[in-house]
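I have a structure I would like to understand better, so I am pasting it below and will then ask my questions one at a time.
Quick note: the coordinates plus some simple rules give every number you see, no bench work behind them. Note that the structure is predicted; figures quoted are calculated from it, not measured. Glycine gets a Cβ as well: all are built from the backbone with ideal geometry, and neighbour counts include every protein chain shown.
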Amino acid sequence: MSHPLEQLREDALREIESESDEKSLDAVRVRYLGRNGSISAWGEKMKTLSAAERPVIGKLLNEVRNAVTAALDARSEEFRAQKESESLGRIDISLPGATGASGYSGYSEYSGFSTPLTGYSGFVPLERGSLHPLTQMLERSIEIFRRMGFALADGPDIEDEWHCFDALNTPPEHPARNEQDTFFLRDGRLLRTHTSTVQIRAMQAAPPPIRVIAPGAAYRRDELDATHSPQFHQIEGLYVDENVSVADLKGALEFFMRELFGPDTAVQFRPHFFPFTEPSLEVYVKSKALKGGEQWIEVAGSGVVHPAVFEQVNEARGDKAYDPEKWSGYAFGLGMDRLAMILFDIPDIRLFAQNDLRFLRQFA
Ligand code: PHE
């Protein structure tokens, strides 16, 4: 037979379950746990019990009190949550925001909204942003190189001549060093003409083996037209290890291009000249998946790192870490603007910098 306290607990729990609002639940709380409540009354009764009974019944009383309190709290929380979801249920989340079709938040004359939003008392919805197509291209590319084991490296846009030219085996009379072609600062520094500067910085910072990519902007004094811009973007790549060859370079770039443009992408390497690679190769792609895909498009410069570059790095490091007898490497510089233009079928490089929302929204 169950103890009357257990009976009390059963009754209380049943009542708590059957109440349907906070007010009647409160009445239950008072009936059981209030000063004259039936559970509280047992506290008095304890005094009349024998020393043997007291600890057993005392323990039971605690359990009953805790169980009933917990059930009351839980039920009360249920009522609160129910009330909240009822009031939320009345919000129509399908209701469009207040700024109309252009969606502009009202600060500009482009909002397409006849009344200025100052003084407007409705909601001003936040625009949902999206990544710039060049950034998307960059992230896709970095993700592929990451899978190939490349780490990220970095260097400044404002460089010294040594990192941009001398260390890259580019002599003073080289046309790239001409004032007509490069943005020089008064102090003799310059805006880097390529991201190859980071090859040097990465090798100065760490001994071989090394496998890095360096995405970033580069600058040349080009006239701005549909295919040229004084600021453009590259991903530099550098891999130095034992026995690295042209075959490794070709394999890596072919893999990259096929990941990017699809398995039907053909990659072609044509002999070229860069002072800091020997041999040097220009990289072309062709893919049916791309618009104008029947045509070879130049997308990168590349080659096997020239031993003279290692010698320059060693001199700067003050050691023989990049011993050209022991180590070899390949490097490449991918034109990101070009890659994005062919992947997204963008006809004009100027669109990247004009911030025209009609253009940018297409990549959202
Ligand atoms: N830096 C070269 C350019 O901008 C590209 C390149 C990078 C070539 C690495 C070879 C190796 O044209």
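Over segment 294-364, what portion of Cα pair distances is larger than 13 Å, expressed as a whole percent?
74 percent
Using amide H atoms built 1.01 Å from N in the peptide plane, name the residues 5+ places from residue 277, or on other chains, whose amide H lies under 5 Å from its own.
306
Also, I was wondering about something else. Over the chain, what relative contact order in percent results from Cα pairs under 8 Å that are six or more residues apart? Walk me through the numbers before you get to the answer.
Numbers: 526 pairs, mean separation 48.8, N = 364.
Value for the chain: 13 percent.
Which of the peptides 48-55, 262-269, 202-209 is most tightly packed, and how do the rest follow, going by the mean number of other Cβ atoms within 10 Å of each residue?
Descending mean neighbour count gives 202-209, 262-269, 48-55.
Still on this structure, I have one more. Compute the separation of the alpha-carbon centres of segment 273-314 and segment 323-359 and state it in Å as a whole number.
Spelled out, the Cα-based centre of one part sits 13 Å from the other.
Additional query: Full extension from residue 354 to residue 174: what is 0.36 nm times the residue separation minus their Cα-Cα distance, to one decimal in nm?
61.5 nm
Non-local amide H neighbours of residue 152 (under 5 Å, H modeled in plane, Pro and chain starts lacking H): which ones?
Close amide H contacts, sequence-distant or interchain: 213.
Another question, if that's okay. Output wanted: per-residue J couplings in Hz (rounded whole) for segment 22-30, from phi through Karplus 6.51 cos²θ - 1.76 cosθ + 1.60, θ = phi - 60°, x for Gly and Pro.
4, 5, 5, 5, 4, 4, 5, 4, 5
Please report, in debye to the nearest 20, how large the charge dipole of segment 133-363 is about its Cα centre when each Lys and Arg carries +1 at its beta carbon and each Asp and Glu carries -1 there.
The dipole of segment 133-363 has a size of about 700 debye.
With θ set to phi - 60°, apply the Karplus curve 6.51 cos²θ - 1.76 cosθ + 1.60 along segment 305-320 and write out the HN-Hα couplings as whole Hz, x wherever there is a Gly or Pro.
Couplings: 3, 5, x, 4, 5, 4, 5, 4, 5, 4, 4, 5, 6, x, 9, 10 Hz.
Using a Gaussian network model on the chain with a 10 Å cutoff between Cα atoms, which of 44, 311, 325 fluctuates the most?
So, out of 44, 311, 325, the one fluctuating most is 44.
I need the Kirkwood Rh of segment 4-89: take the reciprocal of the average 1/r across all distinct C-alpha pairs and report it in angstrom.
Details: mean 1/r = 0.0715 Å⁻¹.
14.0 Å is the Kirkwood radius here.
As a test of the formula, what do you get for the chain when each DSSP H run with n ≥ 4 contributes -39,500 (n - 2.57) and the sum is divided by the residue count, at 222 nm and rounded to the nearest 500 deg cm²/dmol?
Computed ellipticity for the chain at 222 nm equals -12000 deg cm²/dmol.
With θ taken as phi - 60° and the coefficients 6.51, -1.76 and 1.60, list the Karplus ³J(HN,Hα) couplings across segment 4-20 in order, rounded to whole Hz; mark glycine and proline as x.
x, 5, 5, 4, 4, 4, 4, 4, 4, 4, 5, 4, 4, 5, 8, 6, 10
Another question, then. Name the residues whose placed amide hydrogens come within less than 5 Å of the amide hydrogen of residue 222, ignoring near sequence neighbours (fewer than 5 apart) on the same chain.
Distant-sequence amide H within range of residue 222: zero hits.
Considering only DSSP states other than H, G, I, E and B, which GluC sites (Glu not before Pro) in segment 231-268 qualify as loop sites with at most 10 other Cβ atoms within 10 Å?
Hits after loop and neighbour filter: 242.
Considering the chain as a Gaussian network with a 10 Å cut-off on Cα pairs, which listed residue, 272, 174, 228, attains the greatest mean-square fluctuation?
Highest fluctuation among the options: 174.
With N set to the number of residues, divide the alpha-carbon radius of gyration of segment 133-363 by 2.2 N^0.38 Å and report two decimals.
1.00
To the nearest 10 degrees, how steep is helix 133-147 against the longest Cα principal axis of the chain, on a 0 to 90 scale?
For 133-147 against the chain, the angle is about 90 degrees.
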